[in-house]
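Chemist: Can you keep this structure in mind? I'll have questions shortly.
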Amino acid sequence: MITISNLAMQFGGSVLFKNADLQFLPGNCYGIIGANGAGKSTFLKILSGELEPTSGYVAIKQGARMSILKQDQFQDDEYTFLTPSSWAISISTT
């Protein structure tokens, strides 16, 4: 279980969120939606420990595991659509 208490984050004078209280319970799947710049990625970075919140805290139950898949749209820029050559597509009309 992950517990979020009184979480707030701001950059300069811009408040992304404040007074956030939330619990993520085992066995559930959660999604975070919002407009661009609303603080979704920042919130996930706080959950992962990559960023410190302005105030509040995140508590992860001892023995619990959190997995993270980072957002990196440039990760595979070195590859073209047809690489690697070990990929194959077969199309048959018969």
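Chemist: Can you list residue pairs whose Cβ atoms sit under 9 Å apart, with the first residue in the stretch 21-47 being without any contact (Cβ under 8 Å) to a residue 24 or more places away in the chain and the second being exposed (fewer than 10 other Cβ atoms within 10 Å of the Cβ) and part of a loop (DSSP other than H, G, I, E, B)? Count only pairs 6 or more apart in sequence or on different chains.
Modeler: Phe24/Tyr30; Lys40/Ile33
Chemist: Now for a different question. List every residue pair whose Cβ atoms sit under 9 Å apart, with the two residues 6 or more apart in sequence or on different chains, where the first one lies in the stretch 61-82 and is closer than 16 Å to Gly49 by Cα and free of Cβ contacts under 8 Å to residues at least 24 places away in the same chain and the second, anywhere, is surrounded by 10 or more Cβ atoms within 10 Å (Cβ to Cβ) and of a type in the set (Ser, Thr, Tyr).
Modeler: Note: pairs meeting the criteria are Lys70/Ser48.
Chemist: Which of the residues that make up the stretch 1-23 are among the hydrophobic types (A, V, I, L, M, F, W, C), surrounded by fewer than 16 Cβ atoms within 10 Å (Cβ to Cβ) and within 23 Å of Ser67 (Cα to Cα)? Walk me through how you get there before you give the answer.
Modeler: Just the residues of the stretch 1-23 that are among the hydrophobic types (A, V, I, L, M, F, W, C), to begin with: 1-2, 4, 7-9, 11, 15-17, 20, 22.
Next cut, surrounded by fewer than 16 Cβ atoms within 10 Å (Cβ to Cβ) only: 1, 8, 11, 15, 22.
Of everything in the stretch 1-23, those that are among the hydrophobic types (A, V, I, L, M, F, W, C), surrounded by fewer than 16 Cβ atoms within 10 Å (Cβ to Cβ) and within 23 Å of Ser67 (Cα to Cα) turn out to be Met1, Ala8, Leu22.
Chemist: Next question, about the same structure. Can you tell me how many residues within the stretch 1-20 are among the aliphatic types (A, V, I, L, M) and in contact (Cβ under 8 Å) with a residue 40 or more places away in the chain?
Modeler: Going through the stretch 1-20 one residue at a time, the tally reaches 6.
Chemist: Let me ask something else. Using the structure shown, decide if Lys61 is among the charged types (D, E, K, R) and more than 17 Å from Ser5 (Cβ to Cβ).
Modeler: Here the answer is no, as Lys61 does not meet what is asked.
Chemist: Something else: Starting from residues that are more than 20 Å from Val15 (Cα to Cα) and of a type in the set (Lys, Arg), keep the ones in the stretch 35-94 and report whichever is modelled with the highest pLDDT.
Modeler: Lys61
The values are calculated or read from the model by the stated rules, or taken from the named source; none is laboratory data. The structure displayed is predicted, hence computed values, not measured ones. In this analysis, Cβ positions are derived from the backbone assuming ideal geometry, glycine residues included, and neighbour counts consider all displayed protein chains.
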